[in-house]
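The values are calculated or read from the model by the stated rules, or taken from the named source; none is laboratory data. Quick caveat, the model's predicted, so the values are computed rather than measured. Counting neighbours? That spans all protein chains shown, and the Cβs are built from the backbone with ideal geometry, glycine included. When the accessible area is computed, the model is the full protein with side chains, heavy atoms only, and any ligands, DNA or RNA have been set aside. Shrake-Rupley method; radii C 1.70, N 1.55, O 1.52, S 1.80 Å.
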Amino acid sequence: MTEHVMQEDNRKSLNFIEQKVESDLAEGLNNGRVQTRFPPEPNGYLHIGHAKAICLDFGIAKQYNGLCNLRFDDTNPTKEDVEYVDAIQDDIKWLGFQWADVYYASDYFQQLYDFAVRLIKSGNAYVDEQSAEQIAKQKGTPTQPGTNSPFRNRPVEESLDLFRSMNEGEFEEGAMILRAKIDMASPNMHFRDPIIYRIIKHPHHRTGDQWKVYPMYDFAHGQSDYFEGVTHSLCTLEFEVHRPLYDHFMDLLIEEVNKNGDGFEKNKIYDNYRPVQTEFNRLNLTYTMMSKRKLLQLVKEKIVSGWDDPRMPTICGYRRRGFTPASIRNFINMIGYTKYDGTIDVAQLEYAVREDLNATAKRVAAVINPIRLVITNYPEELVENFDSVNNPEDPSAGAHQIAFSRELYIEAEDFMEDAPKKYFRLTPGQEVRLRCAYIIKCTGCKKNEAGEVVEVYAEYDPETKSGMPGSRRKVKGTIHWVSVKHAVPAEVRLYDRLFMVENPADEKDKDFRELLNPDSLKVLTNCFVEEELKNAEPYDHFQFQRIGYFNVDPDSRNGRLIFNRTISLKDTWNKVKEK
């Protein structure tokens with residue numbers, strides 16, 4: 001099955017990042033190269049916000065015949081795991097992208113350490129033995145300058161010796177850190193002698209116990225960009241205030257590289273080369289929580305079944321729910337990239353997946369709340385097969401056959417004993433068309449001791465078979481069905497938005513658990529689907545006619561099919577909000 005991709009307007013104007021790239025190319029910067037990177041920290045699963053960055057990093061590289069590397073920012077071993085490394089790679093591939101090479105910040109630990117030593121020697125860094133609380137107090141405020149550390153003018157040889165001892169494990173975590181010496185009176189708080197190395201005594205998933213000191217993100221990020229040859233370092237807006245520090249360390253690094261010596265000449269990858277950081281707006285969605293910490297709480301407290309729970313905003317969660325790579329890419333393309341943060345209505349993402357599945361999903365019959373319909377004048381042993389169009393949006397998709405017999409399952413909501421005037425489905429004395437088959441007339445029903453309808457009776461008109469002259473007779477209602485003899489039992493999981501409020505992150509005064517939607521999952525175990533689906537595979541997509549879009553959950557096994565509702569046929573949330 002091919003993916004449906006929305007048609008783009010070829011006249012679409014360039015966004016500000018594309019304009020920047022084209023300007024750099026026109027000026028001949030970086031010898032006409034375009035190189036990007038996607039740099040996730042392997043401390044959790046990627047979410048829909050990361051998908052926006054992935055589409056940009058890989059998309060820009062492809063658009064300008066460049067390359068994009070995958071680089072894991074593995075500078076904090078206490079939070080990182082190989083499980084996350086593997087999951088991140090799987091998610092990127094599923095979205096439809098392929099990196100040129102895989103790198104890790106840990107690939108550069110020796111170079112970063114050597115650079116830090118060079119900074120100490122040049123008087124641009126020092127070892128500080130103060131506590132985190134003391135350092136925080138000395139930082140000052142945005143309107144008041146900070147005060148110098150009593151260790152700021154520590155002799156170079158002393159700082160060098162202590163830094164080596166830190167890495168040899170002679171001091172405990174928190175006993176001392178390495179700070180850059182910049183300007184404690186700078187209006188930019190990030191310039192007030194930031195921490196660039198701290199002690200962490202925890203095995204690293206790649207380097208084991210080789211290192212006892214680890215670089216901070218602001219120190220490792222830009223230098224890793226330089227070592228790899230990145231030309232355009234694309235980050236979300238929260239890193240805009242960090243850009244001056246990015247540039248500061250880049251200036252110092254290039255200065256050291258140009259001095260040569262101490263092995264640093266090997267890092268001089270390109271002449272006339274310098275990475276530049278550019279920021280874009282992050283993705284915020286209504287009814288969605290993006291905080292990794294809170295998502296981890298949902299998983300640990302078993303509020304959801306795991307990182308790939310179909311209610312989670314993780315990429316693997318969207319995949320399991322039935323979203324397609326094309327739908328997510330199309331959504332990102334629709335919302336674009338700007339320099340201003342905002343919140344996108346999740347209905348736009350839902351629109352994108354409806355559009356894609358409408359064009360690609362196979363139409364099948366399923367009854368998720370069944371009652372039995374008996375056509376009393378239909379021969380008991382007769383079975384007919386009717387053609388059912390696979391996808392009316394795609395004539396090349398063809399058709400499949402669906403079996404028809406005397407006893408059928410229909411949706412309970414398609415029968416009403418005492419119906420209002422404008423009810424056009426089954427009610428005593430009224431006619432409806434059975435999709436692909438005949439017109440029937442309801443003759444009554446059977447109830448159990450509790451007064452619940454358990455069986456509906458009708459008679460069919462054999463002259464109204466689809467394709468026969470009598471089939472042109474008009475009735476106001478059409479309902480779907482599944483033959484009892486041929487029905488395949490299934491479990492259906494109806495997923496909805498995980499949070500009840502539009503912006504859960506804004507509800508600072510409430511425990512986020514109080515904002516959860518109690519109806520975000522309903523499990524229906526007594527469902528039936530047509531025989532065509534008996535060999536359906538995990539992640540196969542279908543439209544259950546008149547119900548919604550569904551896919552096969554990987555929990556399906558041993559002939560027991562489980563379907564996840566990806567999305568309803570129409571947006572029902574806006575109607576609820578209007579009430």
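Couple of notes before you dig in:
- Filtered residues of segment 289-313 (kept if among the hydroxyl-bearing types (Ser, Thr, Tyr) and either modelled with pLDDT of 95 or more or in contact with a Gly (Cβ under 7 Å, 6 or more places away or on another chain) (or both)): 305
Let's see how each residue does on (1) over 25 Å from residue 361 (Cβ atoms); (2) open to solvent by 60 Å² or more (accessible area, probe 1.4 Å):
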| position | (1), (2) |
| --- | --- |
| 493 | no, no |
| 498 | no, no |
| 508 | yes, yes |
| 512 | yes, no |
| 525 | no, yes |
| 534 | no, yes |
| 537 | no, yes |
| 553 | no, no |
| 556 | no, no |
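- If you go through segment 446-503 and pick out every residue that is farther than 20 Å from residue 530 by Cα and among the hydroxyl-bearing types (Ser, Thr, Tyr), you end up with 5.
- Pick from segment 250-276, criterion polar (S, T, N, Q) and open to solvent by 20 Å² or more (accessible area, probe 1.4 Å), ranking: modelled with the lowest pLDDT: 260
- Any chance residue 221 is more than 17 Å from residue 75 (Cα to Cα) and part of a helix (DSSP H, G or I): no
- Scope segment 513-555; condition in contact with a Phe, Trp or Tyr (Cβ under 8 Å, 6 or more places away or on another chain) and not in a strand (DSSP E or B); matching residues: 515, 517, 520, 533, 536, 553, 554
- Some residue of segment 456-469 being in contact with a Gly (Cβ under 6 Å, 6 or more places away or on another chain), over 30 Å from residue 521 (Cβ atoms), in a helix (DSSP H, G or I) and not polar (S, T, N, Q): yes
- Filter result (over 21 Å from residue 349 (Cβ atoms), surrounded by fewer than 22 Cβ atoms within 10 Å (Cβ to Cβ) and among the small types (Gly, Ala, Ser)) within segment 36-80: 66
- Complete set of residues in segment 369-388 that are out of contact with any helix residue (DSSP H, G or I) (no Cβ under 8 Å at 6 or more places or on another chain), under 22 Å from residue 414 (Cα atoms) and open to solvent by 30 Å² or more (accessible area, probe 1.4 Å): 372, 376, 377
- Selection within segment 501-526: residues that are touching a residue at least 60 places away in the same chain (Cβ under 8 Å) and among the hydrophobic types (A, V, I, L, M, F, W, C). The member of this set that is nearest to residue 385 (Cα to Cα) is 524.
- Only residues that are within 24 Å of residue 77 (Cα to Cα) and either part of a helix (DSSP H, G or I) or of a type outside the set (D, E, K, R) (or both) were counted across segment 19-50, and they come to 11.
- Test result for residue 321, within 26 Å of residue 546 (Cβ to Cβ), buried (at least 19 other Cβ atoms within 10 Å of the Cβ) and touching a residue at least 60 places away in the same chain (Cβ under 8 Å): yes
- Of all residues in segment 337-368, those satisfying the criterion of being open to solvent by 20 Å² or more (accessible area, probe 1.4 Å) and outside any helix (DSSP H, G or I) are 337, 338, 339, 340, 341, 342, 343, 344, 345, 362, 368.
- Those residues of segment 211-234 which are open to solvent by 10 Å² or more (accessible area, probe 1.4 Å) and in contact with a Lys or Arg (Cβ under 8 Å, 6 or more places away or on another chain), in sequence order: 212, 216, 228
Residue-by-condition table, conditions (1) at pLDDT below 95; (2) of a type outside the set (D, E, K, R):
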site	(1), (2)
473	yes, no
499	no, yes
521	no, yes
527	no, yes
530	no, no
571	yes, no
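- Hits in segment 392-418 (condition: open to solvent by less than 40 Å² (accessible area, probe 1.4 Å) and either over 38 Å from the mean Cα position of the chain (by Cα) or in contact (Cβ under 8 Å) with a residue 60 or more places away in the chain (or both)): 400, 402, 403, 404, 405, 408, 409, 410, 411, 414, 415
- Flag for residue 449 being open to solvent by 60 Å² or more (accessible area, probe 1.4 Å) and more than 25 Å from residue 488 (Cβ to Cβ): yes
- Evaluation of residue 83 against (1) open to solvent by 30 Å² or more (accessible area, probe 1.4 Å); (2) assigned to a loop (DSSP other than H, G, I, E, B); (3) of a type in the set (Asp, Glu) (one fails), failing number: (2)
- Test result for residue 428, part of a loop (DSSP other than H, G, I, E, B), at pLDDT 95 or above and either within 22 Å of residue 548 (Cα to Cα) or not hydroxyl-bearing (Ser, Thr, Tyr) (or both): yes
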